[in-house]
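The structure under discussion appears below in the form of structure tokens.
The values are calculated or read from the model by the stated rules, or taken from the named source; none is laboratory data. Just so you know, these numbers come straight off a predicted model, no measurement behind them. Neighbour counts are summed over all protein chains in view; Cβ atoms, including those assigned to glycine, are modelled from backbone coordinates with ideal geometry.
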Amino acid sequence: MMFYLYLLVFVVALAFLFFKIGRRKKGFSAADFAYVAKHWKNVSGLLKDNPSLAVLEGDKLLDFCIGKKCPRYKKLSLGEKLKSCGALFSDINGVWSAHKLRNRIAHELSLNVSSSECSRAISVFKRALNDLGAL
């Protein structure tokens, strides 16, 4: 009886592992992972020196990753991509807030954004990239 229990646990763990690996790799090549890792390191470094630029770059990286994960949406704007594939994210409201902050930074003159707002947006972008399996 105990043998069957161990066998069941092993099969469930194996199925979970295959599911996780398959989900993570879908849409991303090894070169894509290297590109994302390199650019994420850049975004993290910018957060200290230029938080607003870090938000802009984090938003661009998210746009790139959604385009890779969902190629049929590649030519859409990031806002349209978020409407179409928002179910991929564990915190879609946070992703929208971070994207809206990016839009404010990009379009409003003399906007003063606090570094804590930028840090929150970068955290949301990181979580979104993890949700996509890119980080």
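Structure notes:
- Remark: pairs (first residue in the stretch 109-135, of a type in the set (D, E, K, R); second residue not in a loop (DSSP other than H, G, I, E, B); Cβ separation under 7 Å; 6+ apart in sequence or on different chains) = Glu117/Leu101; Asp131/Leu88.
- In the stretch 57-78, the residues that are farther than 18 Å from Leu135 by Cα and either touching a Lys or Arg at 6+ places or on another chain (Cβ under 8 Å) or not in a helix (DSSP H, G or I) (or both): Tyr73, Lys74, Lys75, Leu76, Ser77
- Single residue of the stretch 79-129 satisfying the filter (aliphatic (A, V, I, L, M), in a helix (DSSP H, G or I) and more than 12 Å from the chain's Cα centre (by Cα)) that is surrounded by the fewest Cβ atoms within 10 Å (Cβ to Cβ): Ala87
- Residue within the stretch 22-39 that is at pLDDT 95 or above and either under 21 Å from Glu117 (Cα atoms) or not in a helix (DSSP H, G or I) (or both) present: yes
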